[in-house]
Ligand code: LLP
């Protein structure tokens with residue numbers, strides 16, 4: 001917590017707003033974004049492309065945080081977005097995203113979802129498998145429509161990350177395998193399909209990746225494939241999409257590269273490779289999700305009960321937990337936490353921060369050093385802006401938290417707290 005911003009009272013500031021006041025005003029659990037941090041990432045990812053003078057699109061992977069306010073924000077900056085369901089498509093369109101800047105991902109896109117994408121004339125379907133090619137072709141014929149497609153391949157690269165979020169290896173459920181000739185077969189089907197405009201290829205090697213090397217290897221693999229396809233099939237790609245996965249800082253052990261450095265290293269390498277194989281320079285697309293929003297939000301909780309055994313505090317419980325942040329339970333993700341009213345106070349105790357859910361795995365922070373606390377203190381958990389709210393659940397019928405955007409000392413509620421009635425909205429019961 002040494003680097004956190006505080007006001008004259010020593011309270012944590014989020015986007016210039018006193019975190020203790022935020023908790024008072026909106027209640028807890030509360031997910032509070034510092035909007036400037038999101039903007040900084042947006043600018044960082046774009047700037048490196050601008051500096052390199054190449055054609056590009058930064059496509060925000062909206063599964064990381066798909067609030068209406070977020071689509072509206074990225075749209076202002078001219079970003080594209082990656083969606084993975086009809087629900088995300090619906091939200092993106094509500095948020096004013098231009099359809100041509102939307103790309104649709106997924107390993108089992110449903111007929112209804114594909115129809116919606118075609119009807120809304122979105123820019124790109126990232127084609128993932130043979131069934132999808134058939135299904136999409138059917139829809140396009142019936143609707144007398146065309147659509148842009150990008151072919152997703154698995155380059156056979158194993159990124160160093162948690163196995164649940166590793167996706168580039170050959171046994172991944174996503175995309176066409178290169179080695180076995182699947183990707184080539186898909187290419188041929190797409191090339192001769194007049195309803196699908198094949199724009200290029202895509203890969204995503206995984207998530208929370210710190211080393212740029214994995215991206216460089218992926219770029220190399222994909223450009224090699226393109227060189228081979230040009231020679232053998234006369235196919236030249238307009239688009240090279242290298243996916244997302246740029247790592248962020250959750251705790252002291254995480255040392256991510258700045259967005260700009262990831263991008264400039266990737267662009268440099270693609271330029272070299274394209275020159276080497278005498279290809280035309282494709283538009284480069286990246287799909288950062290976590291890196292765009294992860295470090296921007298801090299979740300505020302109110303501390304409640306504790307459990308001490310033999311004079312040692314084992315568990316300190318807060319008013320949220322696995323329902324608003326499943327990542328520690330699901331991925332063994334390590335977060336930090338400190339107190340909102342004295343983030344830099346001496347840390348006198350070691351606790352396990354747990355939630356209020358009926359589940360022993362409902363842990364937010366293992367081995368968390370904190371000052372002595374009392375019920376009512378506000379606990380701040382930084383770097384909770386990605387895959388927190390979007391993976392939230394109503395387990396135990398706990399309402400999902402509220403979300404605020406903070407900037408220049410002002411806060412704005414962008415997602416209101418769910419109510420008990422909201423949680424019953426789909427229930428029909430037994431009586432008519
Ligand atoms: N592009 C594709 C095709 C993806 O599958 C993903 C993430 C991204 C981009 C964005 O990756 P990012 O830049 O956010 O790392 N729920 C997990 C992460 C799952 C990511 C799935 N795909 C978590 O909380 O860590």
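Entry remark, segment 68-90: residues being within 15 Å of the ligand (Cβ to nearest atom) and closer than 21 Å to residue 417 by Cβ number 1 in total. Taking (1) under 19 Å from residue 32 (Cα atoms); (2) in a helix (DSSP H, G or I) in turn, residue 329 satisfies each apart from (1).
Report, by residue number, each residue of segment 115-145 that is assigned to a strand (DSSP E or B) and in contact with a helix residue (DSSP H, G or I) (Cβ under 7 Å, 6 or more places away or on another chain).
Within segment 115-145, 125, 127 meet the criteria.
Residues of segment 364-378 that are closer than 16 Å to residue 325 by Cα and crowded, with 19+ Cβ neighbours inside 10 Å: 364, 365. Scanning segment 114-139 for residues that are farther than 25 Å from residue 284 by Cβ and either without any contact (Cβ under 8 Å) to a residue 24 or more places away in the chain or within 16 Å of the ligand (Cβ to nearest atom) (or both) turns up 131, 134, 138. When residue 223 is tested against (1) surrounded by fewer than 17 Cβ atoms within 10 Å (Cβ to Cβ); (2) away from the ligand (no atom under 16 Å from the Cβ); (3) under 17 Å from residue 265 (Cα atoms), just one condition goes unmet, and that condition is (1). Pairing residues of segment 203-223 that are in contact (Cβ under 8 Å) with a residue 40 or more places away in the chain and within 17 Å of residue 248 (Cα to Cα) with residues that are more than 8 Å from the ligand (Cβ to nearest atom) and in a helix (DSSP H, G or I), at Cβ distances under 6 Å and at least 6 apart in sequence or on separate chains, gives 205/214; 205/218; 212/262; 212/265; 215/266.
In segment 228-251, the residues that are touching a residue at least 24 places away in the same chain (Cβ under 8 Å) and over 18 Å from residue 205 (Cβ atoms) reach residues that are part of a loop (DSSP other than H, G, I, E, B) and within 16 Å of the ligand (Cβ to nearest atom) with C-beta atoms within less than 7 angstrom, at least six apart or across chains, in these pairs: 249/256; 249/383; 250/333; 250/334; 250/335; 250/383; 251/334; 251/335. Selection of strands (runs of 3 or more DSSP E) fully inside segment 369-432 by the criterion of at least 1 residues being within 16 Å of the ligand (Cβ to nearest atom) and more than 19 Å from residue 16 (Cβ to Cβ) returns 378-382. Within segment 46-57, is even one residue within 16 Å of the ligand (Cβ to nearest atom) and within 15 Å of the chain's Cα centre (by Cα)? No, every residue in segment 46-57 fails to be within 16 Å of the ligand (Cβ to nearest atom) and within 15 Å of the chain's Cα centre (by Cα).
Suppose we filter 62, 66 for residues that are surrounded by 17 or more Cβ atoms within 10 Å (Cβ to Cβ), within 15 Å of the chain's Cα centre (by Cα) and farther than 25 Å from residue 200 by Cα; which single one remains? None of the others qualify; the one that does is 66.
Within segment 119-131, does at least one residue satisfy the condition of being within 20 Å of the chain's Cα centre (by Cα), under 20 Å from residue 225 (Cβ atoms) and modelled with pLDDT under 95? No: zero hits.
Cβ-Cβ distances below 9 Å connect no pair with a first residue in segment 319-338 that is not assigned by TED's automatic domain parsing to the domain that holds residue 361, a second residue that is part of a loop (DSSP other than H, G, I, E, B), and a separation of six or more residues or different chains.
Annotation: residue 48 fulfils all but one of (1) in the same structural domain as residue 202 (by TED's automatic domain parsing); (2) out of contact with any strand residue (DSSP E or B) (no Cβ under 8 Å at 6 or more places or on another chain); (3) within 22 Å of residue 414 (Cα to Cα); the unmet one is (3). Scanning segment 346-384 for residues that are over 30 Å from the mean Cα position of the chain (by Cα) and free of Cβ contacts under 8 Å to residues at least 40 places away in the same chain turns up 346, 347, 348, 349, 350, 371, 372. Within segment 88-114, being in a helix (DSSP H, G or I) and buried (at least 18 other Cβ atoms within 10 Å of the Cβ) holds for 88, 89, 91, 92, 101, 113, 114.
If the condition is being under 12 Å from residue 379 (Cα atoms) and surrounded by fewer than 23 Cβ atoms within 10 Å (Cβ to Cβ), then segment 339-363 contributes 341, 342, 343. For segment 303-324, the tally of residues that are out of contact with any strand residue (DSSP E or B) (no Cβ under 6 Å at 6 or more places or on another chain) and over 13 Å from residue 359 (Cβ atoms) stands at 6. Taking the criterion of being within 12 Å of the ligand (Cβ to nearest atom) and at negative phi, the residues of segment 307-333 that qualify are 325, 326, 327, 328, 329, 330, 331, 333.
Total residues in segment 36-45 satisfying the condition of being farther than 19 Å from residue 406 by Cα and away from the ligand (no atom under 16 Å from the Cβ): the figure is 0. Within segment 238-264, being within 16 Å of the ligand (Cβ to nearest atom) and over 21 Å from residue 335 (Cβ atoms) holds for 239, 240, 241, 242, 243, 258, 259, 260, 261, 262, 263. Does residue 183 satisfy the criteria of being farther than 18 Å from residue 104 by Cα and assigned to a loop (DSSP other than H, G, I, E, B)? Criteria not met by residue 183. For residue 283, which of the numbered conditions (1) in the same structural domain as residue 372 (by TED's automatic domain parsing); (2) away from the ligand (no atom under 16 Å from the Cβ) fails to hold? Exception for residue 283: condition (1).
The values are calculated or read from the model by the stated rules, or taken from the named source; none is laboratory data. Just so you know, these numbers come straight off a predicted model, no measurement behind them. All Cβ positions, glycine included, derive from the backbone under ideal geometry; neighbour counts span all protein chains shown.
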